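Here's the structure, in structure tokens; my notes come after.
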Amino acid sequence: MVKKSEAYYLNMLRNRIDIEHVPFSDRGSRLLVFKYSAQSKLFVKLAERLVDLEPGLEAYRFRPPFLQEITFLDGNHQPLEFQTTSFPHALFFQTEIGEFGLVFQSRNSLSFQIPSGQVAGLRFTVAPQFWTPLERGGVLKGIRNLEYATNGEPVHNQITPADGCYRVEFLVEAALDTAIVITIRSQVDLSQEARPFSVALADAETRWAEWFQKIPEVSDEYQPTYAYSWWVMANNLISPQGNVAYEAMFPSKIKYVGLWLWDSAMHALAFRHVDAELARNQIRAMLAYQLADGMLPDAIHDEGVISEIDHPLRAEVTKPPILAWAAMKLHEMDPDPDFLKEIYMPLVRWNAWWFAMNDDDVDGLVQYNHPYSSGLDDSPLWDEGMPVESPDLNTYLCVQMGSLASMAEIIGLEHDGAMWRKRAAGIVRRMLEDMWDAQDGYFKALKDNQPLNVLTPFNLYPLWTGQLPGEINQRLIAHLTNPEAFWTKYPLPSVARNDPKYDPDTMWRGPVWVNINYFFIEALQQIGEEELAGELRRKTLELVMQEANIYEYYNPETGGPAKEADPIFGWTAAVFIDLALQENAASQERSGKA
């Protein structure tokens, strides 16, 4: 394939970024630019939790924008209507007096182009991050500072208190290349330079073009969604700050502000194709906050670590153990034994924590003590309460121990390798003994040693171990390919269609999550079901491609996003990228054989 020009992907994504629904941001930045729906105004939110201002795990989701009602003004202080043109690196706004523009001058600074030859500018409102009335007064708190500057000639500069906020009007006489730069950061620094807009624009274009130049080629049918997925991967990256020790990726800068454990493993799958060190840092960022007993926390954000949650019950919370698996997939592409040595013992300690703290009946099968540790928050598997011994968790641990075996052998610990393989085989035997239901033909989760009669893909997970008898593999595949169960128009639903608890629009109670498809594609490949794996891969790619955006989860009947699904979702983008590259390689292999 011919390598694409530097501007190819920038132009391909023209107007793909809908800033009414997804943020215009930049690699490393915590500033999110949106457009108000049906209004010619912008606002800026912060991808930060700021729990010192307003405690609560999800308070950040409901905090109002930091910068509100950004309006373009003409020389008579009148607001200007605009039409937006978006690119990965820049936004342009067409008005009756000319074109305004917007790029990131730095990760903390927004540069607005002012039309040449005009007196024009901006009006905006700055709000404290938190305010609330009290019985005898009120509280206003702030932790971020704002400054604005121009390289033009100011003609009007007014700051007015308004409803607990401050309203700013700033007009300039614009020559060629005039910009107004707004900087938002914790430091107070009044020496902010407003660079010529063309310089900031050129830097942004170069920055994004260089990112896209790294990506491997795929066939034309995947290119638009593939390019958008790579924009999502970079757009969701944040720079180190506070507890975030490395450049790392949020699942979404809108609703998932922090680093989540198994998301970080999935993100590394895509980053390994362009920057192996960036991929390794997704794993390092999570290992940096390993607890003393070996547990890895559920999530990490600038100001805290989440390792316990009090709803729907109070318990420790982590996420499925797939870091070792992700590390070995990275190693296969970019071998680095030193990295494996670095992470081996932390991953061994994490594996030990699962068995030491999550096997109450000491039967060799590990349980979930909190539904969120599964990542499947509202799955019907947890409707009867906790703890639950589930096939998915024990499959993850089998896969993890297989990965630890490979890791140990590479770094010269052959005896460890043999031990891990023996333990992985042992957990498969235990699942067969305690969880396999020969009559129904799938593995059942156990609550108080009693089977839970709900059918989900997670009841078929042991297929991924690659260690089941052939007849059991075939019975699991029969469920997987049953149109009444999982082989829907857009497979695989997170609960079987013929299960009474199936709900195609509610999170883990029916919608399709493409990371789960990814695990089954790998499982099928491991047992020689290449044709079926390829079919599921292509169906997954088609599902994601039919929408302009990249969503958290999808309706298995319509293929559309479920109503609560978050856009620009990280692991969906990562999985699409990896599967598109797999399909590209498979297509080339088929062509070579033809």
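The values are calculated or read from the model by the stated rules, or taken from the named source; none is laboratory data. Treat the numbers as computed from the prediction; the structure is a model and nothing was measured. Using ideal geometry, Cβ is built from the backbone for each residue, glycine included, and neighbour counts are taken over all protein chains shown.
Some points to look at:
- Filter pass, residue 552 being touching a Ser or Thr at 6+ places or on another chain (Cβ under 7 Å), of a type in the set (D, E, K, R), surrounded by 23 or more Cβ atoms within 10 Å (Cβ to Cβ) and at pLDDT 95 or above: yes
- Against the conditions (1) surrounded by fewer than 19 Cβ atoms within 10 Å (Cβ to Cβ); (2) modelled with pLDDT of 95 or more; (3) closer than 25 Å to residue 235 by Cβ, residue 538 satisfies every one except (3).
- Listed by position, the strands (runs of 3 or more DSSP E) enclosed by the range 20-89 that each have at least 1 residues that are under 21 Å from the mean Cα position of the chain (by Cα) and more than 18 Å from residue 180 (Cβ to Cβ) are 31-35, 42-46.
- Residue within the range 345-353 that is in contact with a Pro (Cβ under 7 Å, 6 or more places away or on another chain), assigned to a helix (DSSP H, G or I), modelled with pLDDT of 95 or more and of a type in the set (A, V, I, L, M, F, W, C) present: yes
- Which listed residue is at pLDDT 95 or above, touching a Phe, Trp or Tyr at 6+ places or on another chain (Cβ under 6 Å) and of a type outside the set (Phe, Trp, Tyr), from 244, 257: 257
- Selection within the range 409-440 - in contact with a Leu (Cβ under 7 Å, 6 or more places away or on another chain) and more than 12 Å from residue 364 (Cβ to Cβ): 410, 411, 420
- Candidate set: the range 424-481, residues that are among the charged types (D, E, K, R) and assigned to a loop (DSSP other than H, G, I, E, B); chosen: the one farthest from residue 368 (Cα to Cα): 440
- Considering the range 258-336, the qualifying helices (runs of 4 or more DSSP H), each wholly inside and each with 3 or more residues that are surrounded by fewer than 22 Cβ atoms within 10 Å (Cβ to Cβ) and either of a type in the set (S, T, N, Q) or in contact with a Leu (Cβ under 9 Å, 6 or more places away or on another chain) (or both), run over 276-287, 323-333.
- Of everything listed in (1) more than 19 Å from residue 4 (Cα to Cα); (2) modelled with pLDDT of 95 or more; (3) of a type in the set (A, V, I, L, M), the single unmet condition for residue 274 is (1).
- The range 96-109 - residue that is touching a residue at least 24 places away in the same chain (Cβ under 8 Å) and over 23 Å from residue 6 (Cβ atoms) and, of those, farthest from the chain's Cα centre (by Cα): 100
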